[in-house]
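**Student:** Handing you a structure now.
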Amino acid sequence: MLQANDIHFCIQNRPIVDRASMVLRPGELTVILGPNGAGKSSLFKVLSGEQVCKDGRVSYNGRPLDQFKNRQLAQVRSVMPQHSSLNFPFSVLEVVELGLLPLGKNYGVDLLQEVMKQTQTWELRDCLYGNLSGGEKQRVQLARVLTQIWEKKPFPRYLLLDEPTSSMDIALQHHVLSIIQKIKERNIGVLAILHDLNLAANYADQVILMKKGNILFQGKAESVMNTENLMQVFDHPIKVYQGDERRPTIIQSIPFKSINNQIKQA
């Protein structure tokens, strides 16, 4: 499993992530939720190895993160950051092929085609990446990181996604989450930062709620995503309705104007 213990990360002596501990298990989707400035992306970067923190420890399958060489780490975890810049005139196929570079071996076109068809990017393979829309670029980047871990392995691996659906329409958002549900079956743990509470409620196995650098709540989605916890984290009135299989499938944000009208009527 991917485990973090007492992660403490500061910028100019200001805590951005304050003594955070969490566990990501193979076969589960863990979603991090929280308002802007909660420390979600900073924790994500520490977990992925992009950002080094002096206090705390991150380990993959029981091995400390700092003991991995780059190629070794690439074989156990794949990372899709929030923003990916590319200045070269690469085609979509060439961008997806970058996911194979850390693995140090040749793969056939069948693997690339399978992943790209899953992410609905195969028909874009000859297009220039720079000419794509924001949502198309996100799907291409998702295909790249999936390619890195697509082949089945006997050991647990991890997929880290920072806002992977932010530029997609609702149909594509659900399509991407359905792909994640399938990838979990390959002994892969998935960590994703999302902003859509309903997506998290419907797909997450575990949820982490962060605020001001602290993990306030973590656990199963149906127990963590309740009205009281979400209102405390987001400082906004929210209603949670229990759906099928005890999942909170409908989360409705109530405008402050409606609250004021209710107060006046009372």
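The values are calculated or read from the model by the stated rules, or taken from the named source; none is laboratory data. All values derive from a computational prediction rather than experimental measurement. Counting neighbours? That spans all protein chains shown, and the Cβs are built from the backbone with ideal geometry, glycine included.
**Student:** Looking at E123, E136, which is the one that is more than 14 Å from P81 (Cα to Cα) and surrounded by fewer than 16 Cβ atoms within 10 Å (Cβ to Cβ)?
**Tutor:** Exactly one of E123, E136 is more than 14 Å from P81 (Cα to Cα) and surrounded by fewer than 16 Cβ atoms within 10 Å (Cβ to Cβ), namely E123.
**Student:** Report yes if V233 is without any contact (Cβ under 8 Å) to a residue 24 or more places away in the chain, over 14 Å from the mean Cα position of the chain (by Cα) and farther than 23 Å from V79 by Cα, otherwise no.
**Tutor:** Working: without any contact (Cβ under 8 Å) to a residue 24 or more places away in the chain: no; over 14 Å from the mean Cα position of the chain (by Cα): yes; farther than 23 Å from V79 by Cα: yes.
Answer is no for this residue.
**Student:** Here is a follow-up. Quick one: what pairs do we get from the range 67-85, first residue modelled with pLDDT of 90 or more, second in a helix (DSSP H, G or I), C-beta under 6 Å, 6+ apart or different chains?
**Tutor:** A74/P102; S78/V145; S78/Q148; S78/I149; V79/S48; M80/Q141; M80/V145
**Student:** When the range 224-266 is examined, which residues are found to be of a type outside the set (D, E) and modelled with pLDDT of 90 or more?
**Tutor:** Looking only at the range 224-266, we keep the residues that are of a type outside the set (D, E), and these are 224-227, 229-234, 236-243, 246-266.
V224, M225, N226, T227, N229, L230, M231, Q232, V233, F234, listed by residue number.
**Student:** Can you report the number of residues in the range 18-52 which are in contact with a Ser or Thr (Cβ under 9 Å, 6 or more places away or on another chain), part of a loop (DSSP other than H, G, I, E, B) and aliphatic (A, V, I, L, M)?
**Tutor:** Of the residues in the range 18-52, 0 are in contact with a Ser or Thr (Cβ under 9 Å, 6 or more places away or on another chain), part of a loop (DSSP other than H, G, I, E, B) and aliphatic (A, V, I, L, M).
**Student:** Which of (1) among the polar types (S, T, N, Q); (2) more than 12 Å from K212 (Cβ to Cβ); (3) surrounded by fewer than 15 Cβ atoms within 10 Å (Cβ to Cβ) is the odd one out, the single condition Q51 does not satisfy?
**Tutor:** Looking at each condition in turn, Q51 falls short on (3).
**Student:** I'd like the full set of residues that are surrounded by fewer than 22 Cβ atoms within 10 Å (Cβ to Cβ) and under 26 Å from E185 (Cα atoms), limited to the range 6-29.
**Tutor:** The answer is S21, M22, V23, R25, P26, G27, E28.
Residue-wise test of (1) at pLDDT below 90; (2) crowded, with 21+ Cβ neighbours inside 10 Å; (3) more than 25 Å from I16 (Cα to Cα).
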{"position": "T147", "(1), (2), (3)": "no, yes, yes"}
{"position": "F155", "(1), (2), (3)": "no, no, yes"}
{"position": "L159", "(1), (2), (3)": "no, yes, no"}
{"position": "I179", "(1), (2), (3)": "no, no, yes"}
{"position": "A192", "(1), (2), (3)": "no, yes, no"}
{"position": "D205", "(1), (2), (3)": "no, no, yes"}
{"position": "M210", "(1), (2), (3)": "no, yes, no"}
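**Student:** Please go through the range 57-83 and pick out each residue that is small (G, A, S) and under 19 Å from L43 (Cβ atoms). Walk me through how you get there before you give the answer.
**Tutor:** From the range 57-83, those small (G, A, S) are 59, 62, 74, 78; that's our starting set.
If the condition is that a residue be small (G, A, S) and under 19 Å from L43 (Cβ atoms), then S59, S78 are the ones that fit.
**Student:** Looking at A192, A200, which is the one that is touching a residue at least 24 places away in the same chain (Cβ under 8 Å), within 15 Å of the chain's Cα centre (by Cα), under 30 Å from P255 (Cα atoms) and in a strand (DSSP E or B)? Break it down stepwise before answering.
**Tutor:** Working: A200 fails: in a strand (DSSP E or B).
The unique qualifying residue is A192.
**Student:** While we're looking at this one, here's another question. Which count do you get for residues in the range 181-190 that are in contact with a Lys or Arg (Cβ under 9 Å, 6 or more places away or on another chain) and surrounded by fewer than 19 Cβ atoms within 10 Å (Cβ to Cβ)?
**Tutor:** Here is the first cut: in the range 181-190, the ones in contact with a Lys or Arg (Cβ under 9 Å, 6 or more places away or on another chain) are 186-190.
Then keep just the ones that are surrounded by fewer than 19 Cβ atoms within 10 Å (Cβ to Cβ); that gives 186-187.
The total comes to 2.
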